[in-house]
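> A single structure is presented below for examination.
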Amino acid sequence: MLERITVRGGRPLEGCAAVQGSKNGALPVLAACLLTRGVSVIENCPRLADTEAMTEILAALGCGVEWAGSTVAVDAATVRSAPLPRSLTSRLRSSVIVLGALLARTGSAVLAGPGGCDLGGRPVDLHLKGLRALGASVRETEEGIAADRGAHRGAEVVLSYPSVGATENLMLFAAGCQGETVIVNAAREPEICDLAAYLKRAGFSVRGAGSACIRVDGGGGHTGFVSHRVMPDRIAACTWLCAAAAARGEIELTGCRAEPIRAVTEELSRGGCRIRETDRGMFLSARRRFQAGGPLIRTGPYPCFPTDVQPMMLSVLATAEGCAAVEETVFENRFAHAAELRRLGADVETEGRVAVVRGVETLRGTDVAAQDLRGGAALVLAGLCAEGETRVRGVPHIDRGYERMEKTLSALGADVRRETAGDDTER
């Protein structure tokens, strides 16, 4: 049955909510389980469409997988290099990260092209070029990617862009290479540090995670038991902070820290929100209308403003006082939600990679459709500021990154519910 999220706006947010485990942190850690020959217990793993798809990929490769709430146990004692069909890989972009780990463990890999949100061109050429530099033989076909480990060896790999996925893939493959691999211009995102923490617990040598130069000494690892707790989801935390900034109110988030989202909290503070850390997490007060008009907000690799928060920030700016501009430098097609915001009455103009938002007093509820994960979240947030009901379709996109988004917002006092929808093709 098709579902939609229905929001009745006008309520300020109040209360406390726990931040889920990180989707973007859990996915590479789950892929890394392929490198071990024992059992990995991954705690604080959000049970989402994407994480379930990744565990189904692990099962298809011979792993035993068992979920218990937010904990998943992966038994990788036996792993086989089975071709991964499009029915599995098309469900998430991060399926490509399996490539490096599977090559390191079994010596070969065949997988159909990865899926994920349509955010414009997201080529995997950096992944493949890096793997080739480490001695792998990689072939691109009409069906996807086929690779053999080849004369795997340590080497220096210089990334032309600090791609998170490419950095993770190279870290995983390098762990199975003899010698030292140096990744230059590596991604610095906190999720990279989380992956490095798991690899260290699994017996691998990783140094420099969180910096632009990561060193991996291959050939380590063990067959024992590995326990790892996934970091809090910084994008989910930013989503709830943006929700309170847009709808106004005061909220506390537990289980998160301010430092990984400093670029976002600085923008929210600049607009008038009061934010402080607490013993349990973070507190935000937004009693007044958000004030726009600061410097250009430009997305970029960590520690810049995250591209995954840009859609939610547009929802905050939609009802702000003043005008603001946002430049998207990471993905070429990440303003798809702007057209849906305009259906709600937002004054948003886009040209190329820049969006200009002129705040309006209020939005008007109507039917809108999520076309990608974060754009869908942004539409739900916009609904919090709208008069009447906003009905958001395309819920499967949202479920890829949030554990029942409507429950978290309801706990904060919003009038949000999930319900069965009609034909999702209607407008």
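The values are calculated or read from the model by the stated rules, or taken from the named source; none is laboratory data. The model shown is predicted, which means the values in this text are computed figures rather than measured ones. Here the Cβ is made from the backbone with ideal geometry for all residues, glycine too, and neighbour counts use every protein chain on show.
> Go through the range 336-367 and give me each residue that's over 20 Å from Leu384 (Cα atoms) and of a type outside the set (Ser, Thr, Tyr).
Glu349, Glu351, Gly352, Arg353, Val354, Ala355, Val356
> Tell me which residues, restricted to the range 243-259, are touching a strand residue (DSSP E or B) at 6+ places or on another chain (Cβ under 8 Å) and surrounded by fewer than 23 Cβ atoms within 10 Å (Cβ to Cβ).
Arg248, Gly249, Glu250, Glu252, Thr254, Gly255, Arg257, Ala258
> Something else: If you check Gly150, Gly154, which single one turns out to be surrounded by fewer than 24 Cβ atoms within 10 Å (Cβ to Cβ), under 29 Å from Pro85 (Cα atoms), assigned by TED's automatic domain parsing to the domain that holds Gly113 and touching a strand residue (DSSP E or B) at 6+ places or on another chain (Cβ under 6 Å)?
Gly150
> Please give the strands (runs of 3 or more DSSP E) falling wholly within the range 270-376 in which 3 or more residues are crowded, with 22+ Cβ neighbours inside 10 Å and in contact with a strand residue (DSSP E or B) (Cβ under 8 Å, 6 or more places away or on another chain). Please lay out each step first, then the result.
Details: elements: 274-277, 281-286, 323-327, 347-351, 354-358, 367-369.
Passing ranges, in order: 281-286.
> Continuing with this model, one more query. Only one of these conditions is not met by Glu403: (1) farther than 16 Å from Thr299 by Cβ; (2) crowded, with 19+ Cβ neighbours inside 10 Å; (3) of a type outside the set (Ser, Thr, Tyr). Which number is it?
(2)
> Is it the case that the range 387-401 has a residue that's within 23 Å of Ala263 (Cα to Cα) and out of contact with any Ser or Thr (no Cβ under 8 Å at 6 or more places or on another chain)?
yes
> Looking at Thr36, Thr89 in this structure, which one is at pLDDT below 95, over 21 Å from Tyr198 (Cβ atoms) and surrounded by 22 or more Cβ atoms within 10 Å (Cβ to Cβ)?
Just a single option satisfies the conditions, and that option is Thr89.
> Go through (1) modelled with pLDDT of 95 or more; (2) surrounded by fewer than 18 Cβ atoms within 10 Å (Cβ to Cβ) and name the single condition Asp194 misses.
(2)
> Output the residue which, of all residues in the range 157-183 that are under 26 Å from Ala82 (Cβ atoms) and more than 23 Å from the chain's Cα centre (by Cα), is modelled with the highest pLDDT.
Ala174
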